[in-house]
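Visitor: I'd like to ask some things about the structure below.
The values are calculated or read from the model by the stated rules, or taken from the named source; none is laboratory data. Keep in mind it's a predicted model, so treat the numbers as computed, not measured. No Cβ is skipped: glycine too gets one built from the backbone with ideal geometry, and neighbour counts run over all protein chains shown. Heads up: the accessible areas ignore ligands, DNA and RNA and are worked out on the full protein's heavy atoms, side chains in. Shrake-Rupley method; radii C 1.70, N 1.55, O 1.52, S 1.80 Å.
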2 protein chains.
Amino acid sequence: MFEFTVEATVGAARAGVLTLPHGVVQTPAFMPVGTQGTVRALSPFDLRATAVQMVLANTYHLHVRPGEEVVQALGGLHRFMAWDGPVLTDSGGFQIFSLEGMRRVDEEGVEFQSHVDGSRRRLTPERAMEIQWALGSDVAMALDHLVPGVADRATLAAALERTSRWLVRCRARHAALAADAPEFQTCWPILQGGTDPQLRADAVTQVLDLGPWSGVAVGGLAVGEARPAMHATLEAVEPRLPRGLPRYLMGVGFPEDLLEAVARGMDLFDCVAPTRNGRNGQAFTPDGPVNIRNAVHRADAEPLDPSCDCETCRTYSRGYLRHLFVAGELLALRLLSLHNVRFLTRLSEDARARILDGTFDRWRPAWTARYTGGSTP
Amino acid sequence: MFEFTVEATVGAARAGVLTLPHGVVQTPAFMPVGTQGTVRALSPFDLRATAVQMVLANTYHLHVRPGEEVVQALGGLHRFMAWDGPVLTDSGGFQIFSLEGMRRVDEEGVEFQSHVDGSRRRLTPERAMEIQWALGSDVAMALDHLVPGVADRATLAAALERTSRWLVRCRARHAALAADAPEFQTCWPILQGGTDPQLRADAVTQVLDLGPWSGVAVGGLAVGEARPAMHATLEAVEPRLPRGLPRYLMGVGFPEDLLEAVARGMDLFDCVAPTRNGRNGQAFTPDGPVNIRNAVHRADAEPLDPSCDCETCRTYSRGYLRHLFVAGELLALRLLSLHNVRFLTRLSEDARARILDGTFDRWRPAWTARYTGGSTP
């Protein structure tokens, strides 16, 4: 359990297999985001139909509503959302540190106000582990201390030190919870350090010293920094990471970003873009994003993406999809979300196939050139 | 084509088979409403999965957006909405006569303002036929002159006379359109007359004199009148209708109303209640409607309706469904719509089975007593 095998590499890019309590994940793999215990507008049958292997759920959201005790009473997160495949939960930290309202951080943890009922709550490294254990995800993320990516070096370094101290506490609490059920859930640490190569190197050292781990996440990227900075950071971190650990790049991505990150040795990804952008009428296609609301699609009988095998592309015309959006119909939101998720799982499958057959380095620039219309991602 | 066979009767209740260009409909049958070319929140695959046989679409809505010429360019309504089963379109009259803004009626037709762009448009009996022909539905409804059910007798009688004159024009235009494609679409008249037995009798006479028809609709009911008045009206109309014509009761219904209408010889039904109420969190169950938002369902692991075979009831707990509603998740809208539509198709199937095996009269009061908790529908 919690094993990861690298099957093939092309440069830093890897194809692997990750074994989790609720199934096997073939990487690279994209995880859609089920914020409140549902990938917005999609059912678990839709997820299976789009070849999703693993789903992310948000600990903060499920903690404040309906509460982890309700999820647990209803059989845990998998039974709750009727998704029997692997689930990763974040620690709740990202949402809390992003909250508009009151929050206060000290060495003990972070105090925050629920966005649902305004109640004052406290999240500590130990509580983050307990909540995720009650939710019953396959992979629980450690609680990290987040600071803005634009923070000065001293702030970033101090946050890193605190994150390491919190990681010790997460590790201890998770080990205690897992003592009698070691195959129920694993815990992964998160690497921070902004785009500072030295801080990132320190982060890797500190985290690995606290191991062993069954996987590791790269946090603090895809939060608004320039793409070259993200790429440079990944290139600084990647060689320091053990080959045998799956690497989860948090918050990525858009199709072009996912492929760049695969080329830099990342294995797992999550992002709200396919569903959020889908709900706004933006569809990913091999020739780049398309806004289906555009009048040019009014009487277009062609599918969104003739090369796609999803229900949306096999069944409906662009003209019909545009009509659904313009008319404000709910079906529109589901159909574009479905297609965009499938676009990213298919892109992951394609990348994997090209790594396995050794053609990844030739295929990637051609894919990107077509997708971006020639501009560099 | 357009044949209807009565297979069995119990009192006035009938089980029949209606043959239409896009398939066979076993009656009694409930048609969900696809106002804008989609049954809200449901896909055509969902409709098949809930054993929907026939769908209603709204001519007014499709005329103003995207326009029947767009639907036609995209292959007609069936191809447009990817529903290959039978479709009935209303005439557009009901929506226009219900419009808040400007409308003006004269002998020629009705002038109205589009709710989408405010443009001034005109619907005549001939145009109603032409639009529905372009849409390509299996059954087109004649344009009738609607007046409020509370109108005085003279107004009702004048509207009835005009409806008959319009029916002559609808019949002529439809016959011309269908001259070269007689199996493409049929046209059904609508019986009006409020709850006045004599006017209803006159309506039947006038309509049948203009026949032959392949079906007939009963309009102007389920618009706010008391239930006994609706029942009395159906009982006054039914014996005057030829046995061999399918009878479509417009706008019904809620489960208890549908069953009462089946008992009074009606064969086809449409209503937005299952989808609209579903989107508001109301679910039909054999023990009556349930509001899934209610706190009592918070940690309830039971399905909505243990006797139901729909995806919602086979897959999710009441606790999860409540969470989806309380959290404002889109999946909630689909799952309750799906269940409510299945509830009505299953009720229709059950009624049909009980008519075929002769037990309808024994089964119906028991079903109703359980559903209404003992009160009379």
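Visitor: Please work out which residue is surrounded by the most Cβ atoms within 10 Å (Cβ to Cβ), limiting yourself to region B:164-185 and to residues that are over 21 Å from B:ASP209 (Cα atoms) and aliphatic (A, V, I, L, M).
Guide: If we take residues in region B:164-185 being over 21 Å from B:ASP209 (Cα atoms) and aliphatic (A, V, I, L, M), then B:LEU177 is surrounded by the most Cβ atoms within 10 Å (Cβ to Cβ).
Visitor: Next question, about the same structure. Which of the following residues is among the basic types (Lys, Arg) and within 14 Å of chain B (Cβ to nearest Cβ): A:ARG352, A:ARG334? Before you say what the answer is, go through the steps one by one.
Guide: Working: A:ARG352 fails: within 14 Å of chain B (Cβ to nearest Cβ).
Result: A:ARG334 is the single residue among A:ARG352, A:ARG334 that is among the basic types (Lys, Arg) and within 14 Å of chain B (Cβ to nearest Cβ).
Visitor: Cβ-Cβ under 7 Å, sequence separation 6+ or interchain: first residue in region B:227-250 and within 13 Å of B:VAL6 (Cα to Cα), partner aromatic (Phe, Trp, Tyr). Which pairs?
Guide: Within 7 Å, the pairs are B:GLY244/B:PHE4; B:LEU245/B:PHE4; B:LEU245/B:TRP213; B:PRO246/B:PHE4.
Visitor: Can you confirm whether B:VAL33 is surrounded by 19 or more Cβ atoms within 10 Å (Cβ to Cβ) and part of a loop (DSSP other than H, G, I, E, B)? Can you show your working first?
Guide: Numbers: surrounded by 19 or more Cβ atoms within 10 Å (Cβ to Cβ): yes; part of a loop (DSSP other than H, G, I, E, B): no.
The answer is no for B:VAL33.
Visitor: Kindly evaluate B:LEU156 against the criterion of being open to solvent by less than 10 Å² (accessible area, probe 1.4 Å) and in contact (Cβ under 8 Å) with a residue 12 or more places away in the chain.
Guide: Numbers: open to solvent by less than 10 Å² (accessible area, probe 1.4 Å): no; in contact (Cβ under 8 Å) with a residue 12 or more places away in the chain: yes.
Here the answer is no, as B:LEU156 does not meet what is asked.
Visitor: Do we have any residue at all in region A:41-50 that's at negative phi and either modelled with pLDDT under 95 or more than 13 Å from every other protein chain (Cβ to nearest Cβ) (or both)?
Guide: Residues of region A:41-50 that are at negative phi, as a first pass: A:42-50.
Imposing the further condition that a residue be either modelled with pLDDT under 95 or more than 13 Å from every other protein chain (Cβ to nearest Cβ) (or both) reduces the set to A:50.
Yes, region A:41-50 contains at least one residue that is at negative phi and either modelled with pLDDT under 95 or more than 13 Å from every other protein chain (Cβ to nearest Cβ) (or both).
Visitor: I need the helices (runs of 4 or more DSSP H) fully contained in region A:55-133, keeping only those with at least 3 residues that are within 12 Å of chain B (Cβ to nearest Cβ) and not hydroxyl-bearing (Ser, Thr, Tyr).
Guide: Where helices (runs of 4 or more DSSP H) fall fully within region A:55-133 and carry at least 3 residues being within 12 Å of chain B (Cβ to nearest Cβ) and not hydroxyl-bearing (Ser, Thr, Tyr), they are A:59-64, A:68-73, A:76-81.
Visitor: Moving to a separate point now. Would it be correct to say that A:GLY328 is open to solvent by less than 40 Å² (accessible area, probe 1.4 Å), within 11 Å of chain B (Cβ to nearest Cβ) and not acidic (Asp, Glu)? Lay out the reasoning, then the answer.
Guide: On the way: open to solvent by less than 40 Å² (accessible area, probe 1.4 Å): no; within 11 Å of chain B (Cβ to nearest Cβ): yes; not acidic (Asp, Glu): yes.
Criteria not met by A:GLY328.
Visitor: Turning to a different aspect of this structure: Is it the case, given these coordinates, that B:SER114 is farther than 22 Å from B:PRO189 by Cα, of a type outside the set (D, E, K, R), open to solvent by 30 Å² or more (accessible area, probe 1.4 Å) and out of contact with any Gly (no Cβ under 7 Å at 6 or more places or on another chain)? Give the steps one after another, and end with the answer.
Guide: Values: farther than 22 Å from B:PRO189 by Cα: yes; of a type outside the set (D, E, K, R): yes; open to solvent by 30 Å² or more (accessible area, probe 1.4 Å): no; out of contact with any Gly (no Cβ under 7 Å at 6 or more places or on another chain): yes.
Considered against the rule, which asks whether it is farther than 22 Å from B:PRO189 by Cα, of a type outside the set (D, E, K, R), open to solvent by 30 Å² or more (accessible area, probe 1.4 Å) and out of contact with any Gly (no Cβ under 7 Å at 6 or more places or on another chain), B:SER114 comes out as no.
Visitor: Being over 21 Å from B:PRO365 (Cα atoms) and either within 14 Å of chain A (Cβ to nearest Cβ) or at pLDDT 95 or above (or both): is that true of B:ALA261 here? Before you say what the answer is, go through the steps one by one.
Guide: Details: over 21 Å from B:PRO365 (Cα atoms): no; either within 14 Å of chain A (Cβ to nearest Cβ) or at pLDDT 95 or above (or both): yes.
So B:ALA261 fails the test.
Visitor: Right, something else. Given (1) within 19 Å of A:THR312 (Cβ to Cβ); (2) open to solvent by less than 10 Å² (accessible area, probe 1.4 Å), where does B:MET54 come up short, assuming only one miss?
Guide: B:MET54 satisfies every listed condition except (1).
Visitor: Of the residues A:ASP202, A:ASP270, which is open to solvent by 30 Å² or more (accessible area, probe 1.4 Å) and of a type in the set (D, E, K, R)?
Guide: Numbers: A:ASP270 fails: open to solvent by 30 Å² or more (accessible area, probe 1.4 Å).
Among A:ASP202, A:ASP270, only A:ASP202 is open to solvent by 30 Å² or more (accessible area, probe 1.4 Å) and of a type in the set (D, E, K, R).
Visitor: So is B:SER98 hydroxyl-bearing (Ser, Thr, Tyr) and open to solvent by less than 10 Å² (accessible area, probe 1.4 Å) or not? It would help to see each step written out before you state the result.
Guide: On the way: hydroxyl-bearing (Ser, Thr, Tyr): yes; open to solvent by less than 10 Å² (accessible area, probe 1.4 Å): no.
No; evaluated as a whole, the condition is false for this residue.
Visitor: In region B:280-322, which residues are open to solvent by less than 10 Å² (accessible area, probe 1.4 Å), of a type outside the set (Ser, Thr, Tyr) and within 9 Å of another protein chain (Cβ to nearest Cβ)?
Guide: B:GLY319
Per-residue answers, yes or no, for (1) more than 27 Å from A:GLY319 (Cα to Cα); (2) of a type in the set (Asp, Glu); (3) touching a His at 6+ places or on another chain (Cβ under 6 Å):
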site: A:PRO228; (1), (2), (3): yes, no, no
site: A:GLU238; (1), (2), (3): yes, yes, no
site: A:ARG247; (1), (2), (3): yes, no, no
site: A:ALA261; (1), (2), (3): yes, no, no
site: A:ASP267; (1), (2), (3): yes, yes, no
site: A:CYS271; (1), (2), (3): yes, no, no
site: A:GLN282; (1), (2), (3): no, no, no
site: A:ASP300; (1), (2), (3): no, yes, no
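Visitor: Mind counting the residues in region B:13-30 that are of a type in the set (A, V, I, L, M) and over 20 Å from B:LEU347 (Cβ atoms)? Spell out how you get there, then give the answer.
Guide: Step one: list which residues in region B:13-30 are of a type in the set (A, V, I, L, M), which gives B:13, B:15, B:17-18, B:20, B:24-25, B:29.
Within this subset, residues satisfying the condition of being over 20 Å from B:LEU347 (Cβ atoms) are B:20.
Going through region B:13-30 one residue at a time, the tally reaches 1.
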